Amino acid sequence: MFKGSITALVTPFRDGEVDEGAHRRLIEFQIANGTNGLVPCGTTGESATLSYDEHDRVIELTIEAAAGRVPVIAGTGSNSTAETILLTKHAKKAGADAALLITPYYNKPTQQGLYEHYRKIAEEVDIPVILYNVPGRTSVNMLPETVARLSEIGNIVGIKEATGNLQQVSDVIEFSRKGFIVLSGDDFTTLPLLAIGGDGVISVTSNVAPKEMSRMVNSFLSGDVDEAKALHYRLQALHRAMFLETNPMPVKTALAIMGLLQEEFRLPLTRMSEGARERLVSTLKAYGIGSQRSSI
């Protein structure tokens with residue numbers, strides 16, 4: 001169910017508020033171009049700056065707009081176990097297909113603390129849970145042995161692995177129960193992760209190039225390795241551009257250039273520096289992305 005190229009959606013703003021019309025347009029653009037799933041309220045969605053009401057509404061809106069055409073994996077993680085349970089219960093009630101739960105940040109739990117955190121949430125909320133390991137954001141690395149323990153809990157169904165460490169990903173696949181889903185959290189390493197047994201990607205780049213990202217992953221999964229490899233190298237410059245500055249600054253800027261949303265962020269994120277923006281624009285033009293892509 002959770003395979004292929006899944007988009008970590010941005011959250012569009014207009015005059016300081018969530019732009020619901022733009023959010024719906026983004027979802028239509030994604031589905032029309034073959035994306036395999038949607039993740040609202042993740043890091044790319046500026047979830048850390050959303051109020052509880054906004055967080056809940058963005059998830060509800062995504063489920064409404066997707067209308068069952070692709071799965072919705074709601075970002076509901078927090079560094080508080082109680083808060084995570086609260087957000088995850090809402091996502092289940094709203095009809096999300098799964099919850100994506102980041103490892104607790106700032107408080108830096110031990111491996112046992114990580115295990116207890118996820119075990120408690122899985123017990124409290126009967127929804128498929130996808131773990132999210134991104135040490136570069138959280139300063140804590142969930143080790144393969146811990147992931148393997150958690151994979152034995154029935155409704156913990158997979159992990160988004162954003163370490164960029166293929167040895168760690170390989171260990172996760174080897175140690176975890178059969179059928180445990182492993183998704184790349186790093187666009188650059190999607191193809192290598194697929195090659196060692198992964199199932200897909202939760203992607204930033206697919207916000208602006210959903211068709212190509214979906215084709216790359218699904219080509220590999222269907223056995224067309226040459227096609228997947230060609231797309232991997234075609235997408236590399238675009239991946240680099242999406243991380244010229246802190247995510248989601250470049251991807252939201254790109255979507256604004258495409259005419260899909262307003263170029264608006266919430267502090268402490270700001271508009272890109274002029275030099276980085278120029279490099280982004282140059283990369284988009286070379287790739288063939290411009291305002292004409294805004295029509296669905």
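What follows draws every value from the coordinates through simple rules; no lab data is involved. All values reported here derive from a predicted model rather than from experimental measurement. All Cβ positions, even for glycine, are placed from backbone atoms using ideal geometry, and neighbour counts span all protein chains on display.
Between T49 and D226, the FRET efficiency estimated from the beta carbon spacing at R0 = 35 angstrom works out to 0.25. Length gained on full extension, Q262 to R119, computed as 0.36 nm times the residue gap minus the Cα-Cα distance: 47.5 nm. Look at the dipole of the chain built from charges on Cβ: of V10, L269, S203, the Cα furthest out on the positive end belongs to S203. The separation of the stretch 14-52 from the stretch 114-146, counted between C-alpha centres, amounts to 23 Å.
A cut-off of 5 Å between modelled amide H atoms, ignoring neighbours fewer than 5 places along the same chain, links I156 with V129. In this structure, the amide hydrogen of G37, modeled 1.01 Å from its nitrogen in the peptide plane, lies closer than 5 angstrom to those of T7, counting only residues at least 5 positions away or on a different chain.
The aspartates and glutamates within cross-link reach of K89, meaning a Cα-to-Cα straight distance under 13 Å and a gap of 8 or more places when in the same chain, are D56, E60, D97, E123, E124, D126. Neighbour counts of other Cβ atoms within 10 Å put Y287, Y233 in the fewest-to-most order Y233, Y287.
Pairs from the table (K92/K178; K92/K160; K120/K160; K92/K285) lying more than 29 angstrom apart at Cα are K92/K285.
Is the stretch 1-101 best put as rounded, prolate or oblate by its Cα gyration tensor, with a ≥ b ≥ c the root eigenvalues, rounded for a/c under 1.5, and otherwise prolate when a/b is larger than b/c, oblate when not? Here the stretch 1-101 falls in the oblate category. Selection among I127, Y233, T189 by position relative to the dipole of the chain gives Y233 as farthest towards the positive end (Cβ unit charges, Cα centre).
When the chymotrypsin sites (Phe, Trp or Tyr not before Pro) in the stretch 48-107 are filtered for DSSP coil states and for at most 10 other beta-carbon atoms within 10 Å of their beta-carbon, the remaining sites are Y106. With one equal scatterer per alpha carbon and no solvent term, the Debye-computed log10 I(q)/I(0) for the chain at 0.07, 0.12 1/Å reads -0.23, -0.72.
Helical content of the chain, expressed as a calculated mean residue ellipticity at 222 nm, amounts to -14000 deg cm²/dmol (DSSP H runs of 4 or more residues, -39,500 (n - 2.57) each, divided by residue number, nearest 500). The modelled label-to-label distance between I153 and R14, using points 7 Å beyond Cα along the C-beta direction, is 4.0 nm.
Run a plain Debye calculation on the stretch 173-296 (Cα atoms as equal point scatterers, no solvent) and give log10 I(q)/I(0) at q = 0.14, 0.15 Å⁻¹, rounded to two decimals, same order as the q list. Here log10 of I(q) over I(0) equals -0.64, -0.72. Take the Cα of A67, step 7 Å toward its Cβ, do the same at A82, and the gap between the two points is 4.1 nm. Taking the charge dipole of the stretch 45-152 about its Cα centre, with +1 at Lys and Arg Cβ atoms and -1 at Asp and Glu Cβ atoms, the residue from I59, S151, L86 reaching farthest to the positive side is S151.
Couplings 3J(HN,Hα) for the stretch 100-108, derived from phi with the Karplus relation 6.51 cos²θ - 1.76 cosθ + 1.60 (θ = phi - 60°), are 9, 10, 5, 5, x, 9, 6, 7, 6 Hz, where x marks Gly and Pro. Under a model in which nothing but the beta-carbon of Lys, Arg (+1) and Asp, Glu (-1) is charged, the stretch 184-252 shows a dipole of about 200 debye around its Cα centre. Taken about its Cα centre, the stretch 4-222 carries a charge dipole of roughly 340 debye when the Cβ of each Lys and Arg holds +1 and the Cβ of each Asp and Glu holds -1.
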